[in-house]
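The values are calculated or read from the model by the stated rules, or taken from the named source; none is laboratory data. Everything numeric in this text was worked out from a predicted model, so none of it was measured. Cβ: placed from backbone, ideal geometry, glycine included. Neighbour counts: every protein chain shown. The area values use the complete protein model at the heavy-atom level, side chains included, leaving out ligands, DNA and RNA. Shrake-Rupley method; radii C 1.70, N 1.55, O 1.52, S 1.80 Å.
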2 protein chains.
Amino acid sequence: MEGTPNPASEWTAMGNEAVATPDPSTFEGRDAVFLQDFTTLCTFGATPGGGVERQAGSPADGEQRAWLTGLLTDQGFTVRFDRIGNQFGLLELVPGAPYVLVGSHLDSQPSAGRYDGAYGVLAAAHAAFALAEEWRAAGDTPRYNLAVVNWFNEEGARFKPSMMGSSVFTGKLPLEDALATEDPSGIAVRDALAATASQGTLDGPEPAYYAEIHIEQGRGMERDGVTIGAVESNWAANKYEFVVHGEQSHTGSTVMADRQDALLGASLLVVAARDVADQFPDGVLHTSVGQLDVYPNSPVVVASRVTLLLDLRSADEELLAAADRALHEQLRVIEDRARVRIEKTGSHCWGVTPYQLEGVELAEKLTANRGLKHARVKTLAGHDSTNMKDIVPTVMLFVPSVDGISHNEHEYTTDADIVDGLHVLTDVVRALCAGELDQPAT
Amino acid sequence: MEGTPNPASEWTAMGNEAVATPDPSTFEGRDAVFLQDFTTLCTFGATPGGGVERQAGSPADGEQRAWLTGLLTDQGFTVRFDRIGNQFGLLELVPGAPYVLVGSHLDSQPSAGRYDGAYGVLAAAHAAFALAEEWRAAGDTPRYNLAVVNWFNEEGARFKPSMMGSSVFTGKLPLEDALATEDPSGIAVRDALAATASQGTLDGPEPAYYAEIHIEQGRGMERDGVTIGAVESNWAANKYEFVVHGEQSHTGSTVMADRQDALLGASLLVVAARDVADQFPDGVLHTSVGQLDVYPNSPVVVASRVTLLLDLRSADEELLAAADRALHEQLRVIEDRARVRIEKTGSHCWGVTPYQLEGVELAEKLTANRGLKHARVKTLAGHDSTNMKDIVPTVMLFVPSVDGISHNEHEYTTDADIVDGLHVLTDVVRALCAGELDQPAT
């Protein structure tokens, strides 16, 4: 069934005929339980369009976190929150030893799909449950302890920046800055965590390794018939916040030559970002403006101020630099055309960085052992693993996404693929817990 | 002093060094009182930038309405509100006769100037006070009764459409539709009126004539040294609401060729509107997009839906039609380029319509009598008089605006000009109340 449409009998009545609901009846044992739990998880913040909306710190996020706490506790895991609201399910079998962390995030974009993040957290939990049972049955003790993690606010839709929980955990973002961050209505992270009973007093467990599984958010693996992608690096990205400054005036009466139209300037910037991407072959450079806010945003007032977030991404750092220069050369042209001033008020740039090669090779070996097709892939989007790989060896796995649809209610991965992904993730975590990637003592 | 900067001594300490505060000390009698009252009026909803923010039905709007009630009542006028919240100060000297209405609006845009609308209402009140006193002193009775009017929601910033109060009064907009209109936060006009004690149970007085004075919102009169503009017609306008439909996806991972970017489509539309205007000599065609809303407006999500309000205006109906065609021809091009669908969800179009010639000639005669320079002008912006002229003979006067600045905190008209305008308005209303424009009985 991999990569092919599900039969009609699986179509859901949730209001979105394009998304099939997981069907546990065609699987057995732990796989069926996993799919059943995933079906339950899809109900938190469910949207009429067949997706979910559970932004970080929202009531729906609080509900799914409480549900996850119950799931973990029932399996003998101890649930703790750290100061930024990362949720850990701890299984301490080796007192005082560091932990293999495995997880992702449950928070979502507005009107998002069901798989982004949520699949990774639930697969992590079920991988951990399987291993705990294995060790118990065999009387084995792993070399490391095991923790399932649900990172806080990976999406960054409500509170910026994205990957907030893992950024604080890895020391890249000060805790106090994160807690003080406000959403557009003025609610601080601190208060959202309190409202969802998600703020703890711990620092989180000491990590030895990290593993995560996620949908691809692209169509390459589906096209190539690959079941498991071993992520070898992330794309480089330059993210900018621009403020376009114009002058407020009357849309009806102000002659065109007198206007200093911030929205015209911003629109030219959106178009310029696209033009830069179109100068390169498709697939090598991604540019976007996803967020844009107009002030005063009245029908009869020429805008005085527009704020927008623009990003450029590429797997090729030199190409990215060339594209970045081309975009910046346009700023002066736009300023002259629209009689505005463009201010860069923020930037967040990162280069291409590799995931540890030994982790990639481990993923390839274990995938091959199960007779599944694998390939090395790059991640275009940011993930919590992008942060974690900078402090511990990290294995990041992808499963295919039908039509590459992402951040959309129609996001879909087949049941067969998410179950195969669970199996490989379980194998990876087993190996990590056994110390298979440990460096020999020198 | 007309048209020249005020001396440094008049600069205000209100935080905006570009706007001088009215200075009653250089005027005498009624003129000084008028300027003093205008200074008071500028304090309602005053902004740090030297302007005002008192959108329709806001607390600041309620406060200034209560203040106006006191001002009118003190002078013997009876204050009544009609069902849509238009505020009338009635002086009934001829029982049962229709009324000469004179007024404008006190509501403002966000971070607006002090003069737009507010000057017209206060000048109307002071013209009425002077005439009431004249008639009382001379023992005269005019042919018509007199009413000062403060129309509800001329600006349309918070509740759409603009000119709401005069549209209901003139039968162009159903009362129930207006009362049910909600602002972006879901508050209905009905509730905003109740919260500001502004909803009455009357239909408003029967009108015989209407007069209004306003700042020009352009720089033509200032350039030509004209003190009083007699408005002879309004520009034609085509106003459209467009919804650009794309498909939500991940900004980081979706290849450019797969994107259906609603914000790119909307930006191309903003630029296209400007391109159309630039095809014509400056000053003959105005195009604008002032309001634009993005969904879901997240930094990492390609927008699925953008709503925007676009308008084209010209004094030349044929030119406007040609420009409108040129814009519409671009829609298909934009749909193809951005892979979006552009839907027109609303339109509001009007042609060039004249103000009654006898009113224009009356204004010219009375201005000349005072030794002031006058000219016939067209209004590019809509006004409540645009509605009123369709049901009764209407005289619309303009005073110059320094640098033509409008819908901006820096909006400014000199004290000399607003006082001259008050005098001519008083003369016009006196003549209208005396029946000078009445048609001879046939």
Can you spot a residue in segment A:110-123 that is within 14 Å of chain B (Cβ to nearest Cβ), within 22 Å of A:ASP420 (Cβ to Cβ), surrounded by 21 or more Cβ atoms within 10 Å (Cβ to Cβ) and of a type in the set (Gly, Ala, Ser)? yes
Hits in segment A:320-347 (condition: more than 19 Å from A:GLY382 (Cβ to Cβ), in contact (Cβ under 8 Å) with a residue 24 or more places away in the chain and within 27 Å of the chain's Cα centre (by Cα)): A:LEU327, A:LYS344, A:THR345
A:ARG313 meets each of (1) more than 8 Å from chain B (Cβ to nearest Cβ); (2) more than 30 Å from B:GLN217 (Cα to Cα) with one exception, condition (1)
Taking the condition hydroxyl-bearing (Ser, Thr, Tyr), assigned to a helix (DSSP H, G or I) and in contact (Cβ under 8 Å) with a residue 12 or more places away in the chain, does B:THR413 pass? no
Scan segment A:175-214 for residues that are more than 14 Å from A:ASN153 (Cα to Cα) and of a type in the set (S, T, N, Q) and jot them down. A:SER185, A:THR201
Can you tell me which of A:GLY252, A:GLY265 is open to solvent by less than 10 Å² (accessible area, probe 1.4 Å), within 8 Å of chain B (Cβ to nearest Cβ) and not basic (Lys, Arg)? A:GLY252
Give segment B:129-148 a look and list any residue that's within 19 Å of B:LEU68 (Cβ to Cβ) and in contact with a helix residue (DSSP H, G or I) (Cβ under 7 Å, 6 or more places away or on another chain), or say none. B:ALA130, B:LEU131, B:LEU146, B:VAL148
Total residues in segment B:268-310, condition over 30 Å from A:SER108 (Cα atoms), more than 7 Å from every other protein chain (Cβ to nearest Cβ) and in a strand (DSSP E or B): 2
Every residue from segment A:185-230 that is on the phi > 0 side of the Ramachandran plot and at pLDDT 95 or above: A:GLY225
Return yes or no: is A:ARG313 under 30 Å from A:PHE159 (Cα atoms), charged (D, E, K, R) and buried (at least 22 other Cβ atoms within 10 Å of the Cβ)? yes
Hey, B:GLY171 open to solvent by less than 20 Å² (accessible area, probe 1.4 Å) and in contact (Cβ under 8 Å) with a residue 12 or more places away in the chain or not: no
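This table checks each residue for (1) more than 28 Å from B:CYS349 (Cα to Cα); (2) of a type in the set (A, V, I, L, M, F, W, C).
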residue: B:GLY103; (1), (2): no, no
residue: B:ALA112; (1), (2): no, yes
residue: B:ALA130; (1), (2): yes, yes
residue: B:THR141; (1), (2): yes, no
residue: B:LEU146; (1), (2): yes, yes
residue: B:GLY204; (1), (2): no, no
Residue tally, condition open to solvent by less than 10 Å² (accessible area, probe 1.4 Å) and either at pLDDT 95 or above or within 20 Å of B:ALA237 (Cα to Cα) (or both), over segment B:405-417: 6
Is it the case that segment B:235-246 has a residue that's closer than 30 Å to A:ALA237 by Cα and either touching a Leu at 6+ places or on another chain (Cβ under 9 Å) or of a type in the set (A, V, I, L, M) (or both)? yes
With open to solvent by 20 Å² or more (accessible area, probe 1.4 Å), more than 10 Å from every other protein chain (Cβ to nearest Cβ) and either outside any loop (DSSP other than H, G, I, E, B) or closer than 30 Å to B:GLN217 by Cα (or both) as the only criterion, which of A:GLU222, A:GLU241 stands out? A:GLU222
Segment A:340-397 - residue that is within 30 Å of A:GLN248 (Cβ to Cβ) and away from every other protein chain (no Cβ under 14 Å) and, of those, most open to solvent (accessible area, probe 1.4 Å): A:ARG341
State all residues of segment B:196-219 that are touching a helix residue (DSSP H, G or I) at 6+ places or on another chain (Cβ under 7 Å) and open to solvent by 50 Å² or more (accessible area, probe 1.4 Å); if no residue qualifies, say none. B:ALA197, B:GLN199, B:ARG219
